[in-house]
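To start, the structure itself, in structure tokens.
Any read-out appearing in this document is the output of simple, stated calculations on the displayed coordinates, not a laboratory observation. In this text, all values refer to a predicted model and were calculated from it rather than measured experimentally. Heads up, the Cβs are rebuilt from the backbone with ideal geometry, glycines too, and the neighbour counts pull from every protein chain shown.
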Amino acid sequence: MSKKYNVAIVGATGVVGKEIINILEQRNFPIQSLTLLASKRSAGQVISFNEKAVKVKVLEENSFKDIDFALFSAGSSISEKFAPIAAKSGAIAIDNTSFFRMQDDIPLIVPEVNGHAIKNHKGIIANPNCSTAQLVMALKPIHDAATIKRLVISTYQSVSGAGKDAILELENHSRYLLKGEDSEPKEFVKPIPFNVIPQIDNFVDNGYTKEEMKMINETNKILESEINITATAVRVPVFISHCESVNIQTEKELSTKKVRDILSTFPGVTVLDDPQKSTFPTARDSSGKDDVYVGRIRKDISQKNSIDCWIVADNLRKGAALNAVQIAEYMIANPSK
Ligand SMILES: NC(=O)c1ccc[n+]([C@@H]2O[C@H](COP(=O)([O-])OP(=O)(O)OC[C@H]3O[C@@H](n4cnc5c(N)ncnc54)[C@H](OP(=O)(O)O)[C@@H]3O)[C@@H](O)[C@H]2O)c1
């Protein structure tokens, strides 16, 4: 009989944690036992997994005994403290937060792109920022074919990227606004209903936000590249899926046909690109799906060796939960790595 694994989810009651539970079930992950961990607030809550009721427990230092994989999505400070504890107890900690991503001795992994880098792990593996994961999926085959020199990125990011309270704020504040009532934003710096906000996370000294700098640094770490990248990250009043407008300048020239061909054969990427029929990916089309969708592929008429495209994916799936589960699956399939 093939081996089964003891899995713990830290932050099991959050939007990413809940999606991890769905994905483990949908992909028939070989589970021996599932431990669901969160704060005191959710202790005792019951969540269904494979038609069985699993009680949520409070995260504690001894939560990781006999755990094989611990999937973290409860915020950076929780990962900072508990991922090393999980690793010390013998688990592989797969972390969705930003805490370990840029540390030299921590692999930052999107399995289809740089699964080979997992072999350097010391018990903790980082999952990239949601907007980075979908971006590198589309960039990897283009970089391999023509070497990317520069990227200009604008994102249109859904509120679920900011967690369960942000989803509720969009829902409730939209309702209040339609009734003519004002409400003070809590999860965002400005009101989110019917708005577009060019700030995600705090600003840093160079005028970019932390979210923008995460995309820039994490993309080069995953692609093992030194691409010149500029990015503007924008929050939009959409529940699920991040969209990205990306201008890609390459060393070698690529025809749009070649770009479509290489993207179409890359695992986990689907090209949806027939503008005459208004065929292109949107946030709502991709929500609940696993693939990264690419459309609006065209030559940039202002510059040599450059293409524009539109990249869309479900931020809770490829941007977080799915990628984390795929890392565990990759390790099971490649035990020596
Ligand atoms: N949302 C995304 O698209 C996305 C993508 C990539 C990475 N991430 C990262 O994943 C993490 C979680 O994001 P999310 O969107 O799922 O947030 P969320 O919906 O707000 O959920 C947060 C989770 O963390 C738990 N938690 C909070 N404080 C805790 C504590 N002291 N001890 C134990 N558990 C605690 C919460 O449990 P309670 O229910 O008990 O409060 C909840 O399960 C963040 O670091 C985020 O940056 C998110």
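Neighbours of Glu169 by Cβ distance under 15 Å: Lys/Arg scored +1, Asp/Glu scored -1, total -1. Computed over Cα pairs, the Kirkwood radius of region 71-175 leads via Stokes-Einstein (0.692 mPa s, 37 °C) to a diffusion coefficient of 209 µm² per second.
Basic side chains Lys and Arg get +1 at the Cβ, acidic Asp and Glu get -1 at the Cβ, and with that the dipole of the chain about its Cα centre reaches some 480 debye. For the chain, the ratio of Cα radius of gyration to the globular rule of thumb 2.2 N^0.38 Å stands at 1.00. Give me the log10 of I(q) over I(0) for region 147-196 at q = 0.15, 0.29, 0.31 Å⁻¹, as the Debye formula computes it from C-alpha points; what are the numbers? At q = 0.15, 0.29, 0.31 Å⁻¹ the computed log10 ratios are -0.47, -1.17, -1.27.
Diagonalising the gyration tensor over the Cα atoms of region 221-332 and scaling each eigenvalue by 5 before taking the square root yields semi-axes of 24, 18, 15 Å, largest first. Comparing Leu135, Val238, Ile301 along the charge dipole axis of region 132-315, the residue lying farthest to the positive side is Ile301, per the Cβ-charge model. Stretched out straight at 0.36 nm per residue, the stretch from Ser264 to Tyr176 would grow longer than its current Cα-Cα span by 27.3 nm. Which of the listed residues, Asn114, Phe100, Thr256, is farthest toward the dipole's positive end in the chain, when Lys, Arg count +1 and Asp, Glu count -1 at the beta-carbon? Of the listed residues, the answer is Asn114.
Ranked from largest, the principal axis spans of the Cα set of region 273-324 equal 38, 25, 11 Å. Among the trypsin sites (Lys or Arg not before Pro) found in region 210-293, those both in a DSSP coil and sparsely packed, with 12 or fewer other Cβ atoms within 10 Å of their Cβ, are Lys252.
What longest region of the chain stays clear of GluC sites (Glu not before Pro) that DSSP places outside H, G, I, E and B and that have at most 13 other Cβ atoms within 10 Å? Answer from the scan: 62-180. DSSP beta bridges fully contained in the chain are about 50 percent antiparallel. Relative to the 2.2 N^0.38 Å rule of thumb, region 221-265 has a C-alpha radius of gyration ratio of 1.52. The helix-only estimate of mean residue ellipticity at 222 nm for the chain, built from DSSP H runs of length n ≥ 4 each weighted as -39500 (n - 2.57), is -9000 deg cm²/dmol after division by the residue total. Normalised by residue number, the volume inside the convex hull of the Cα atoms of region 124-235 is 123 Å³ per residue. Site-free segments of the chain were taken between chymotrypsin sites (Phe, Trp or Tyr not before Pro) in DSSP loops having at most 16 other Cβ atoms within 10 Å, sites themselves excluded; the longest one is 1-193. Rg ratio for region 132-315: its Cα radius of gyration over 2.2 N^0.38 Å, N being its residue count, equals 1.08.
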